[in-house]
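Take a look at the structure below.
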Amino acid sequence: MAQYALSTIFASMEKQWLRRNIPDEGLVEVLREKIGISSVLASLMAQRKLENFETAKKYFNPHTNQLHDPFLMKGMHEAVERIKQAMVLEEKILFYGDYDVDGTTSVSLISLFFQEYPHTSYYIPSRQNEGYGVSAQGVDFAHENGFSLIIAMDCGIKASEQVRRAKELGVDFIICDHHTPGEELPEAVAILDPKQEDCPYPYKELSGCGLTFKLCCALSQHCELLKSDPFQFIDLVVVSIASDIVPVTGENRVLAHFGLNKLNSKPLPGIERLKEMAGYTKSYTVTDVVFKLGPRINAAGRISDAKQAVELMVGNEPESLDKIGVQVNHYNDTRRQIEQQIIDDCLEKVKQDESHQQAVSTVVYGENWHKGVIGIVASKLVDAFYKPTVVLTKKDKGFAVGSARSVEGFNLYRALKECDFMFEQFGGHQAAAGLTLPISEIENFQTAFDDVVRSMILPDMLVPKVWYDSEIALSSINWSFYNTLERMGPFGPENMRPTFVSRNAKPESIKVIGQKHLKFKLNSAIGSIDCIGFNFGHVFEKLKPNSLTDICYMVEVNEWQGDKFLQLNIKDLKIHEAES
């Protein structure tokens with residue numbers, strides 16, 4: 001019920017349509033003439049900075065030779081030499097990774113790469129008890145169990161205190177982290193982070209697992225003790241790229257291309273088991289990974305122990321994979337049930353709060369809500385009400401812990417910083433943050449935060465945006481057009497699937513399916529074309545046959561009983577008032 005309510009609230013909100021990266025018309029014409037393509041496709045290329053035939057050729061034909069030399073990265077030589085030394089001396093090496101998808105895929109990839117070296121193990125901190133990053137418990141575990149080298153992945157760049165303590169205990173650190181460094185760098189043997197100011201590595205947006213992959217590539221070139229080919233595990237890299245929402249550009253796009261090829265042809269046994277549990281039989285895209293695989297991997301750490309996700313991804317025994325796969329899938333089902341109950345509670349609290357309609361923010365608190373899912377709930381409340389949102393639950397000893405999410409263009413971190421005198425702990429960035437504060441301060445925080453947001457936010461930021469690439473006629477859409485669009489993939493942040501606007505369309509055969517989705521047909525160059533508007537069922541009463549309607553959509557394929565049809569996936573629509 002709440003899931004329907006949330007999606008309907010968002011779908012029914014008036015949205016602003018904005019064109020993305022309007023290209024130079026002169027460049028569009030040059031591309032159209034030199035490459036021999038339509039103006040629409042030339043415009044899409046110009047938007048993606050494909051300004052000549054050579055760059056377009058590389059873009060449309062990803063190749064492993066487009067990947068950068070891993071030794072261009074600052075610290076790579078030092079990291080490889082320290083690992084080689086550890087292996088020669090048969091030191092115990094501990095792989096330490098965060099509990100989310102990026103961290104667990106990183107640990108899984110390096111564990112598989114080192115599978116012939118017997119002196120390794122891995123450590124994933126507890127989301128509930130240790131929290132994000134390198135923990136004191138993790139350092140103690142390494143010391144007490146005789147590990148002399150920790151390789152930290154997807155975390156560690158701000159762990160100066162823990163790295164210093166490990167050094168005092170005789171434990172060295174190599175840090176592979178893709179997050180922005182702070183003013184102080186940890187005293188590690190080597191730091192691999194392209195975002196270091198003096199790192200010459202050409203591509204700065206690798207995921208944590210992508211960075212681990214580059215380390216393994218370097219080791220495969222210069223460490224004879226390791227015979228594995230990192231490309232055997234590249235399906236783990238695309239899972240991390242998709243789930244960690246990093247840009248799908250440059251090197252990430254090449255890695256995602258080959259990662260999807262492997263994921264869709266011969267994935268690792270654990271990834272294959274996850275796909276089976278998801279029950280999705282079509283070829284996976286980045287978006288499918290985000291919604292089908294990522295949540296299942298994350299659910300282990302949210303509900304129980306993220307180590308189980310690693311056990312699944314590194315495993316190869318069918319019986320064991322079946323057992324863990326069922327458990328991880330169960331965690332995901334449990335996560336959804338818990339999440340749904342919290343959303344129900346949130347909607348009830350908002351409904352009872354008369355001030356919510358006037359507020360420019362959403363702050364909700366539930367004493368017994370599960371800490372592992374409040375970030376997801378915050379994101380969904382933003383989707384529904386489109387306001388900066390904080391979801392809080394009881395932590396312990398009179399304190400509440402919260403997850404905050406922002407709307408597009410609003411600097412959430414700056415707004416929360418104005419209230420940090422109330423916080424016990426606080427951290428994050430423009431779009432998301434986490435905080436801890438006394439339960440007794442929640443009501444004061446709710447008022448103060450809304451006042452700060454009101455003073456900083458622009459009215460335009462409270463209107464949800466729908467971005468599109470180009471305005472086209474429906475007659476442009478055919479199989480050749482679609483096939484060219486598909487070659488622009490893999491799609492993801494900063495290389496999104498092209499979205500189009502067509503004006504004055506005349507819907508026909510209008511109906512509601514699944515109680516909440518809108519379906520209709522339009523006439524196009526290929527004849528009648530189906531349109532599906534997920535969660536747009538509320539529009540049915542307003543949308544009359546042949547009423548003039550502007551539509552914003554993506555072109556996709558619908559497969560049914562072995563047949564394939566082009567279909568328009570409706571992102572928004574505007575019915576002309578005179579015709580409504």
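The values are calculated or read from the model by the stated rules, or taken from the named source; none is laboratory data. As the structure is a prediction and not an experimental result, all values here were calculated from the model. Here the Cβ is made from the backbone with ideal geometry for all residues, glycine too, and neighbour counts use every protein chain on show. Side chains are part of the model used for accessible areas, which takes the heavy atoms of the whole protein and leaves out ligands, DNA and RNA. Shrake-Rupley method; radii C 1.70, N 1.55, O 1.52, S 1.80 Å.
Results, tabulated for the structure shown:
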read-out: Relative contact order of segment 139-179, pairs being alpha-carbon contacts under 8 Å that are 6 or more residues apart, as %; value: 51 percent
read-out: Sparse-neighbourhood loop sites, GluC sites (Glu not before Pro) in segment 185-291 - DSSP loop, at most 11 other Cβ within 10 angstrom; value: GLU197, GLU224
read-out: Partners for LYS417 among aspartates and glutamates (Cα-Cα distance below 16 Å; same-chain residues under 8 apart left out); value: GLU441, ASP450, ASP451
read-out: Whole-number accessible area per residue in Å² for the chain, which is evaluated in the context of all protein chains at 1.4 Å; value: 45 Å²
read-out: Pairwise label distance in nanometres, ASN61 with GLU29, each label 7 Å out on the Cα-Cβ vector; value: 3.0 nm
read-out: Principal axis dimensions, largest first and in whole angstrom, of segment 82-144 by Cα; value: 37, 25, 17
read-out: log₁₀ of I(q)/I(0) at q = 0.11, 0.22, 0.23, 0.25 Å⁻¹ - segment 222-295, Debye sum with one point per alpha carbon; value: -0.28, -0.93, -1.00, -1.13
read-out: Heavy atoms of VAL30 accessible to a 1.4 Å probe, total area in Å² rounded to 10; value: 60 Å²
read-out: Relative contact order of segment 221-354, pairs being alpha-carbon contacts under 8 Å that are 6 or more residues apart, as %; value: 22 percent
read-out: Largest to smallest accessible area among THR281, THR393, THR447 [probe 1.4 Å]; value: THR281, THR447, THR393
read-out: Kirkwood-Stokes translational diffusion coefficient of segment 21-152, alpha-carbon pairs, 4 °C, 1.567 mPa s, µm²/s; value: 69 µm²/s
read-out: For segment 480-532 versus segment 211-290, the gap between their alpha-carbon centres in whole angstrom; value: 29 Å
read-out: Computed E for LYS349/ASP530 - FRET, C-beta separation, R0 35 angstrom, nearest 0.05; value: 0.35
read-out: Diffusion constant of the chain at 10 °C, which comes from Stokes-Einstein with the Kirkwood Cα-pair radius and 1.306 mPa s, µm²/s; value: 62 µm²/s
read-out: Tensor-based shape of segment 136-202 (alpha-carbon gyration tensor, a/c under 1.5 rounded, otherwise prolate or oblate); value: prolate
read-out: Projected area, mean over directions - segment 102-183, Cα convex hull, nm²; value: 5.6 nm²
read-out: Per-q log10 I(q)/I(0), segment 425-472, q = 0.15, 0.19 Å⁻¹ (Debye; single scatterer per alpha-carbon; no solvent); value: -0.62, -0.85
read-out: Cross-link pairs LYS167/LYS380; LYS380/LYS511; LYS57/LYS571; LYS282/LYS395; LYS266/LYS465; LYS307/LYS380 - those with Cα-Cα distance over 32 Å; value: LYS167/LYS380; LYS282/LYS395; LYS266/LYS465
read-out: Convex hull per residue volume in Å³, alpha carbons only, for segment 493-564; value: 129 Å³
read-out: Whichever aspartates and glutamates have a C-alpha closer than 17 Å to that of LYS204, once near sequence neighbours (fewer than 8 apart) are set aside; value: ASP69, ASP102, ASP154, ASP177, ASP193, ASP244, GLU251, GLU494
read-out: Inter-label distance for LEU72 and ARG454, nm, one decimal - labels placed 7 Å from Cα along Cα-to-Cβ; value: 5.1 nm
read-out: Under 5 Å, built H, 5+ apart or other chain: amide partners of GLY427; value: GLY434
read-out: Translational diffusion coefficient (Stokes-Einstein; Kirkwood radius from C-alpha pairs) of segment 424-580 at 37 °C, 0.692 mPa s, in µm²/s; value: 175 µm²/s
read-out: Low-density loop cleavage sites - chymotrypsin sites (Phe, Trp or Tyr not before Pro) in segment 260-338, where at most 16 other Cβ are within 10 Å (DSSP); value: TYR280
read-out: Fraction of the pair-distance distribution of segment 107-240 above 23 Å, Cα-Cα pairs, percent; value: 33 percent
read-out: Contact order relative to length of the chain, as percent, for alpha carbon pairs under 8 angstrom and 6 or more apart; value: 13 percent
read-out: List MET13, MET45, ordered by accessible area with a 1.4 Å probe, largest first; value: MET13, MET45
read-out: Area accessible to solvent at TRP467, 1.4 Å probe radius, in Å²; value: 90 Å²
read-out: ASP396 versus ASP420: modelled label distance in nm, points set 7 Å from Cα along the beta carbon direction; value: 2.5 nm
